[in-house]
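Before any comments, here is the structure.
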Amino acid sequence: MAEPRVLRIEDAGMLTTVQDLGRPGHAHLGVPRSGAVDPDALRLGNRLVGNPESAAGLETTATGGAFGFAHAVAIAVTGAQCEVRVDGRAVAWGAAVPVPAGSVVRLGRAPSGLRAYLTVSGGITVPPVLGSRATDLLSGLGPAPLRDGDELPVGPPFGEPSGSEAVGRPRPGTVELVLGPRHDWFTERSLRALDGATYEVLPASNRIGVRLGGPAIEWLRPGEELASEPMVLGALQVPPNGQPVVFLHDHPTTGGYPVVAVVRPDDLVVCAQAAPGDRIRFRVR
Amino acid sequence: MTGMQVRVVGDHAVLVECAGHDEVAAAYSLLIERRADLDAIDIVPAARTVLLDGLRDARATGDLLRGWPDPAPVTAITGTVVEVPVTYDGDDLDEVARQWDVTTADVVRLHSSTTFTVAFCGFAPGFAYCTGLPADRGVARRAEPRTRVPAGSVALAGEYTAVYPTASPGGWQLIGRTKLELWRPERDDPALLAPGTTVRFVDG
């Protein structure tokens, strides 16, 4: 008799959500793109277990978590490089690992990087909303953040796990910015200082945005109001206090504060994987 | 005449700048019409701008758009028309009447006799900023936002009217409520009030 294909949340850790590649294409209706904030890690994890890259997996935060499987699956853990154990036995990170029926997979705290991805052969098959299974913390679309005891359906396997491939690891460091669209809202001095400036990631950061503390980016005309305008992923939005926020995948579709610059797509993962207390250095292109 | 005013937004997006809501409507309408010539994943209007996002090459699209002629004004009602039945019993009716220096009956009359257009969505999925109020009928927001505004609340703030599609915190002045379902995420067109939609509020 076949066991039901179910993933049970034994320990959701600090925050665990279902994520796929999100729901782009609905921003004109006020729908955030959502999806994995380190999409390359999710794609890799899906390839490793034989899924299409767009299948849904779990995104854990900082503390990892524990996940039980009633049936035998292949899993992979990617993103933040954490310890992975199956029923207490240490297994490979960044590779497909067979998990026997009735086992518990535990992801440990990551020494570097913030968010790890657990992908499962067959993917997580909660009902999609607007074409995506992703949890959107801003608008509440998709499944709620997971709680201990929750059970999630898992699909039938798509194909053979691919085993392993060369795996990139989260990298700390420098983030390149493209100035604009509203760099003319800021003082020359602030713009010059932004190139090479270092900011600390603040604890209030989340999937909506990475809040940074450091040199204030000064408005040229304090008190001026910007008509609400559309926002993009990676936008460096600057509220009147001058402390910037980097928008991640659950960012609002429109905003009323000027965007001084946009993070280059290849470098956004540095922001997405930065933990509170980490430092980010900007370089202006 | 001068072509579109375009700002590059990172590597994969551009922002088209417009003088006001009418110009946004014209630009948005043109961009949607010629969507096949663009490789945008998202085309998003807002108050004074339209964003094209998900482009392969923002600079190339910027150059292309600068060469386009000025968009023709949207003169006729071309989009969908939605009638929203409203019970005008909102907690802030008196406050809006006070701000406009009219009676609450006048507020209801003005709101239900105006033809609105959805200028853009934002704040929450399906939350449509509707323009059409006379220029002298702006509304100041509440000093203290409510922690929970029920779904279906009909509200005013600034130059806009809107209906809260889902329950959420909010600082707009509430003038009534509707039972019409504005947000249906299970549908292919989940928002009843998408940009460009014509909206009429009907008393009763």
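The number of residues in the stretch B:99-122 being closer than 22 Å to B:ALA191 by Cα and surrounded by fewer than 22 Cβ atoms within 10 Å (Cβ to Cβ) comes to 4. Residues of the stretch B:138-195 that are closer than 23 Å to B:LEU51 by Cα, among the hydrophobic types (A, V, I, L, M, F, W, C) and out of contact with any Pro (no Cβ under 9 Å at 6 or more places or on another chain): B:ALA162, B:ALA194.
If you scan the stretch B:156-173, which residues turn out to be hydrophobic (A, V, I, L, M, F, W, C) and under 17 Å from B:THR114 (Cα atoms)?
Of everything in the stretch B:156-173, those that are hydrophobic (A, V, I, L, M, F, W, C) and under 17 Å from B:THR114 (Cα atoms) turn out to be B:LEU156, B:ALA157, B:ALA162, B:VAL163.
Of the strands (runs of 3 or more DSSP E) entirely within the stretch A:110-220, those holding at least 1 residues that are of a type in the set (Lys, Arg) occupy A:115-120, A:209-213.
Looking at A:GLU10, A:GLU59, A:GLU53 in this structure, which one is within 19 Å of the chain's Cα centre (by Cα), surrounded by fewer than 17 Cβ atoms within 10 Å (Cβ to Cβ) and either modelled with pLDDT of 95 or more or within 14 Å of chain B (Cβ to nearest Cβ) (or both)?
On the way: A:GLU10 fails: within 19 Å of the chain's Cα centre (by Cα); A:GLU59 fails: surrounded by fewer than 17 Cβ atoms within 10 Å (Cβ to Cβ).
From the options A:GLU10, A:GLU59, A:GLU53, the qualifying one is A:GLU53.
Strands (runs of 3 or more DSSP E) fully within the stretch B:1-103 that include at least 3 residues being of a type outside the set (Val, Ile, Thr): B:13-17, B:49-53.
Just one of the listed residues (A:ALA101, A:ALA80, A:ALA96) is touching a His at 6+ places or on another chain (Cβ under 6 Å) and more than 14 Å from chain B (Cβ to nearest Cβ), and it is A:ALA101.
Taking the criterion of being over 28 Å from the mean Cα position of the chain (by Cα) and at the interface with chain B (Cβ under 10 Å from one of its Cβ atoms), the only residue of the stretch A:178-193 that qualifies is A:ASP184.
Being surrounded by fewer than 23 Cβ atoms within 10 Å (Cβ to Cβ), closer than 16 Å to A:HIS26 by Cβ and not acidic (Asp, Glu) is the requirement here; does B:GLY54 meet it? Spelling it out, B:GLY54 is indeed surrounded by fewer than 23 Cβ atoms within 10 Å (Cβ to Cβ), closer than 16 Å to A:HIS26 by Cβ and not acidic (Asp, Glu).
Would it be correct to say that B:VAL74 is in contact with a helix residue (DSSP H, G or I) (Cβ under 7 Å, 6 or more places away or on another chain), crowded, with 22+ Cβ neighbours inside 10 Å and either among the acidic types (Asp, Glu) or more than 14 Å from every other protein chain (Cβ to nearest Cβ) (or both)? No.
Per-residue answers, yes or no, for (1) at pLDDT 95 or above; (2) touching a strand residue (DSSP E or B) at 6+ places or on another chain (Cβ under 7 Å); (3) within 7 Å of chain A (Cβ to nearest Cβ); (4) surrounded by fewer than 20 Cβ atoms within 10 Å (Cβ to Cβ):
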residue	(1), (2), (3), (4)
B:MET4	no, yes, no, no
B:VAL14	yes, yes, no, no
B:GLU33	no, no, no, yes
B:ASP42	yes, yes, yes, no
B:ALA46	yes, yes, yes, no
B:THR49	yes, yes, yes, no
B:ALA58	yes, yes, no, no
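Among the residues of the stretch B:147-163, what is the count of those that are among the hydroxyl-bearing types (Ser, Thr, Tyr) and more than 12 Å from the chain's Cα centre (by Cα)? Within the stretch B:147-163, residues that are among the hydroxyl-bearing types (Ser, Thr, Tyr) and more than 12 Å from the chain's Cα centre (by Cα) number 2. Say whether the condition of being among the β-branched types (Val, Ile, Thr), surrounded by 24 or more Cβ atoms within 10 Å (Cβ to Cβ) and within 27 Å of A:HIS28 (Cβ to Cβ) is met by at least one residue in the stretch A:268-283. Within the stretch A:268-283, not a single residue is among the β-branched types (Val, Ile, Thr), surrounded by 24 or more Cβ atoms within 10 Å (Cβ to Cβ) and within 27 Å of A:HIS28 (Cβ to Cβ). Within the stretch A:24-48, the set of residues being buried (at least 24 other Cβ atoms within 10 Å of the Cβ) and charged (D, E, K, R) comprises A:ARG33, A:ASP38.
For every residue, the table says whether it meets (1) surrounded by 15 or more Cβ atoms within 10 Å (Cβ to Cβ); (2) in contact (Cβ under 8 Å) with a residue 40 or more places away in the chain; (3) away from chain B (no Cβ under 14 Å).
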position: A:TYR199; (1), (2), (3): yes, yes, yes
position: A:LEU202; (1), (2), (3): yes, yes, yes
position: A:GLY213; (1), (2), (3): no, no, yes
position: A:LEU220; (1), (2), (3): no, no, yes
position: A:SER228; (1), (2), (3): yes, no, no
position: A:VAL232; (1), (2), (3): yes, no, no
position: A:ALA235; (1), (2), (3): yes, no, no
position: A:GLY242; (1), (2), (3): yes, yes, yes
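Within the stretch B:149-163, being within 14 Å of chain A (Cβ to nearest Cβ) and under 18 Å from B:LEU133 (Cα atoms) holds for B:ALA157, B:GLY158, B:GLU159, B:TYR160, B:ALA162, B:VAL163. Within the stretch A:119-134, residues that are in contact (Cβ under 8 Å) with a residue 60 or more places away in the chain and more than 14 Å from chain B (Cβ to nearest Cβ) sit with their Cβ atoms under 9 Å from residues that are among the polar types (S, T, N, Q) and crowded, with 21+ Cβ neighbours inside 10 Å, at 6+ positions apart or across chains, in these pairs: A:THR119/A:ASN46; A:THR119/A:ASN51; A:THR119/A:THR78; A:VAL120/A:ASN51; A:SER121/A:ASN51; A:GLY122/A:ASN51; A:GLY123/A:ASN46; A:GLY123/A:ASN51. Scanning the stretch B:165-204 for residues that are closer than 21 Å to B:ARG141 by Cα and touching a helix residue (DSSP H, G or I) at 6+ places or on another chain (Cβ under 7 Å), we see that the one that is nearest to the other protein chains (Cβ to nearest Cβ) is B:GLN173.
Among the numbered conditions (1) more than 12 Å from chain A (Cβ to nearest Cβ); (2) under 30 Å from B:ARG142 (Cβ atoms); (3) touching a residue at least 60 places away in the same chain (Cβ under 8 Å), the only one that B:VAL24 does not meet is (1). Applying a threshold of 8 Å to beta carbon distances and a minimum spacing of six or more residues, or different chains, the list of pairs starting in the stretch B:173-192 at a residue that is over 17 Å from B:VAL107 (Cα atoms) and ending at one that is among the polar types (S, T, N, Q) reads B:TRP183/B:THR166.
When the stretch B:85-98 is filtered for residues that are closer than 15 Å to B:ALA140 by Cα and surrounded by 16 or more Cβ atoms within 10 Å (Cβ to Cβ), the ones remaining, listed by number, are B:ASP92, B:LEU93, B:GLU95, B:VAL96, B:ALA97. The number of residues in the stretch A:221-264 being more than 24 Å from A:ARG189 (Cα to Cα), assigned to a loop (DSSP other than H, G, I, E, B) and not polar (S, T, N, Q) comes to 9.
The values are calculated or read from the model by the stated rules, or taken from the named source; none is laboratory data. Keep in mind that what you see is a predicted model, and the values were worked out from it rather than measured. Positions of Cβ are generated from backbone atoms using ideal geometry, with glycine treated the same way; all protein chains shown enter the neighbour counts.
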